[in-house]
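What follows is a set of notes on a single structure, which appears directly below.
Values quoted throughout were computed directly from the atomic coordinates according to the rules given, and no laboratory measurement underlies them. Because the structure is predicted, anything quoted here is derived from the model rather than measured. Cβ placement follows ideal geometry from the backbone for every residue including glycine, while neighbour counts extend to all protein chains displayed.
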Amino acid sequence: MQDILEIIKTRRTVKQFLPKFVEWDKISKILDAARHAPSCGNIQNWKFVVVLETDLKQKLAEAALQQYEITNAFALIVVCAEAQKAERYYGLRGDRLYTVQNCAAAIQNILLEAHSLGLGTRWIGAFEEEMVKRALSIPEEVRPQAIIALGYPKEIPEKPPKYPLETVVYFNKWRNKIRDPAKYMRDYAVLLKRKLVQIKEAIIKK
Ligand SMILES: Cc1cc2nc3c(=O)[nH]c(=O)nc-3n(C[C@H](O)[C@H](O)[C@H](O)COP(=O)(O)O)c2cc1C
């Protein structure tokens, strides 16, 4: 089994795709990963429209502010939200926040499962919603949240810089950084390991 952190860290946004067939077995696993994402109250208020037809891909690329490279992807998965369902249970917070978070969790599952199967993805958030809805006959009350381009990657882009852990983590209070979290947490296993390394180094030096 692959290490999940390794999959998370090595996933990249793929810009170019190979004109290569992607097996249904893989696509179905990816969709299965999506539907197993967490959702508020387990309401699963999402639908996934798999687009394989060339003319529809072209329309979606146009809707996506002319990001035409996505037409080379084998499939475009349009993640759609049924916000009304969330609003019924959770009001405005369900409509505006939970629905977006539910779909984002499903999208991340899509990206990670695809990557673990050797496929590349590109999360497209920039698009004209109405154009996407028209192209795919999506009803008025349903909101497309993202278009995921999926296919075999032509090249793996370099990892863009990510903020180091220390700069994005606070403890207990906003802006409160801890220089040595292991010490603060009294994680003696880590502290002992460190001490052993120090002792070993000291012995080697002598
Ligand atoms: C909400 C959202 C919208 C995005 N929209 C686009 C997009 O329209 N086009 C695109 O090429 N990439 C898009 N991306 C991908 C980001 O540009 C990409 O995740 C970021 O540059 C970091 O690169 P990485 O995914 O390789 O870590 C989007 C990502 C997110 C989360």
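Observations, loosely collected:
- Near the amide H of Ile178, within less than 5 Å, lie the amide hydrogens of Phe171, all on another chain or at least 5 residues away, with H placed in the peptide plane.
- Relative contact order %, the stretch 8-150, counting alpha carbon pairs below 8 Å whose residues are six or more apart: 34
- For the stretch 123-174, chymotrypsin sites (Phe, Trp or Tyr not before Pro) are listed when DSSP marks them as loop and at most 16 other Cβ atoms sit within 10 Å of their Cβ; the list is Tyr170, Phe171, Trp174.
- Amide H contacts under 5 Å for Ala75, placed H, 5+ residues apart: Leu150
- Choice from Thr71, Thr167, Thr99 showing the highest fluctuation, given a GNM over the chain with Cα pairs closer than 10 Å: Thr167
- Residues in the stretch 195-206 carry Karplus couplings, in order, of 4, 4, 4, 4, 5, 4, 4, 5, 5, 4, 4, 5 Hz; the curve used is 6.51 cos²θ - 1.76 cosθ + 1.60 with θ = phi - 60°, and Gly or Pro positions show x.
- Choice from Pro164, Pro38, Pro19 showing the highest fluctuation, given a GNM over the chain with Cα pairs closer than 10 Å: Pro164
- Three-way shape label, the stretch 58-145, alpha-carbon gyration tensor, a/c 1.5: oblate
- The magnitude of the dipole of the chain, with charges of +1 and -1 set on the Cβ of Lys/Arg and Asp/Glu and taken from the Cα centre, is near 1580 debye.
- With the simple model of a label 7 Å out from the Cα in the direction of the Cβ, Ile8 to Gln84 spans 3.7 nm.
- Fluctuation leader among Lys15, Lys133, Lys173 - the chain, Gaussian network, Cα springs under 10 angstrom: Lys173
- Projecting label points 7 angstrom from Cα along Cα→Cβ for Glu166 and Leu117 puts them 4.1 nm apart.
- Between Leu52 and Lys173, the simple spin-label model (points 7 angstrom out along Cα→Cβ) gives 5.8 nm.
- Whether the stretch 1-106 is rounded, prolate or oblate, judged on the alpha carbon gyration tensor where a/c under 1.5 counts as rounded: oblate
- Close amide H partners of Phe17, meaning residues 5 or more places away or on another chain with modelled amide H under 5 Å apart, are Lys154.
- Dipole-positive endmost among Phe48, Ala34, Leu192 within the chain (Cβ charges, Cα centre): Leu192
- Cα gyration tensor, the stretch 113-206 - rounded (a/c under 1.5), prolate or oblate: prolate
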